[in-house]
Amino acid sequence: MLTGWRMRPRGGRRRTAKASASVEFAIVSGLVLLPLLLGGADFISVITAQAQLNTALQSLFFFAYTNPTSANNATEAGYIIALMNGSSVFTVSLPATMSSGSANASLSYGCFTPPSTAITYQTAACSAGQTQQTLVTYQVTATVPLTFPFPSLGNPMHLSATGTVQVQ
């Protein structure tokens, strides 16, 4: 006789409980987990595109800071964006006009007369006797096609980033 051996009944409730747990898991994973995973993939795509927009904006800021006389040259700014697109996942573009209606790579001037610190911003150069700050504003955009579109999200998603940097 074998010691330590207990006989178990065959089949019974234990086997049916395992089977129904497997079926329930399959249903839950199909209805809940799969959409979460697909939404996570789209979320990562959007985050990647936004990071590329921020990198493009930083590249344009560096260009404007190192080349203040051609900071508002849209052709040269377009070259910078074209170089970035060579190694990008999503295509970043430099629209001709920004969402505010002004031209992209537009210059603005901050003028103040010392000793006053009140700065007025305008689109024309400052008058004589005023201290001038030259600012350039860029806007970059990208279109992100969603791999798994959801009804509540627009497909493709249009992202943009706008920033202003002082060049003088």
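Restricting attention to the stretch 157-168, which residues are modelled with pLDDT of 85 or more and either part of a loop (DSSP other than H, G, I, E, B) or of a type outside the set (A, V, I, L, M, F, W, C) (or both)?
Result: His158, Ser160, Thr162, Gly163, Thr164, Gln166, Val167.
Would you pick out the residues in the stretch 94-107 that are crowded, with 16+ Cβ neighbours inside 10 Å and among the polar types (S, T, N, Q)?
Once the filter is applied, which keeps residues that are crowded, with 16+ Cβ neighbours inside 10 Å and among the polar types (S, T, N, Q), the stretch 94-107 yields Asn104, Ser106.
Looking at the stretch 103-110, is at least one residue in contact (Cβ under 8 Å) with a residue 60 or more places away in the chain and among the polar types (S, T, N, Q)? Spell out how you get there, then give the answer.
Going residue by residue through the stretch 103-110, those that are in contact (Cβ under 8 Å) with a residue 60 or more places away in the chain are none.
Taking every residue of the stretch 103-110 in turn, none turns out to be in contact (Cβ under 8 Å) with a residue 60 or more places away in the chain and among the polar types (S, T, N, Q).
From Tyr138, Tyr121, grab the single residue that is of a type outside the set (S, T, N, Q) and closer than 18 Å to Asn67 by Cβ.
Within the list Tyr138, Tyr121, the selection yields Tyr138.
On the basis of being in a loop (DSSP other than H, G, I, E, B), at positive phi and either surrounded by fewer than 17 Cβ atoms within 10 Å (Cβ to Cβ) or not polar (S, T, N, Q) (or both), does Gly154 make the cut?
no
Looking at the stretch 74-91, can you tell me whether even one residue there is closer than 29 Å to Ala51 by Cβ, in contact with a strand residue (DSSP E or B) (Cβ under 6 Å, 6 or more places away or on another chain) and part of a loop (DSSP other than H, G, I, E, B)?
yes
Any idea how many residues of the stretch 115-148 are surrounded by 13 or more Cβ atoms within 10 Å (Cβ to Cβ), touching a residue at least 24 places away in the same chain (Cβ under 8 Å) and in a loop (DSSP other than H, G, I, E, B)?
Total satisfying the criteria: 2.
Given the structure, is Ala64 in a helix (DSSP H, G or I), under 14 Å from Thr164 (Cα atoms) and not hydroxyl-bearing (Ser, Thr, Tyr)?
yes
If you check Phe112, Phe90, which single one turns out to be surrounded by 13 or more Cβ atoms within 10 Å (Cβ to Cβ), out of contact with any helix residue (DSSP H, G or I) (no Cβ under 9 Å at 6 or more places or on another chain) and at pLDDT 85 or above?
It is Phe112.
Looking for whichever is farther than 24 Å from Leu135 by Cβ and modelled with pLDDT of 85 or more here; the options are Val32, Val23. Which one fits?
On inspection, the qualifying residue turns out to be Val23.
The values are calculated or read from the model by the stated rules, or taken from the named source; none is laboratory data. Keep in mind that what you see is a predicted model, and the values were worked out from it rather than measured. A quick note on method: Cβ atoms are made from the backbone with ideal geometry, for glycine too, and the neighbour counts reach across all protein chains shown.
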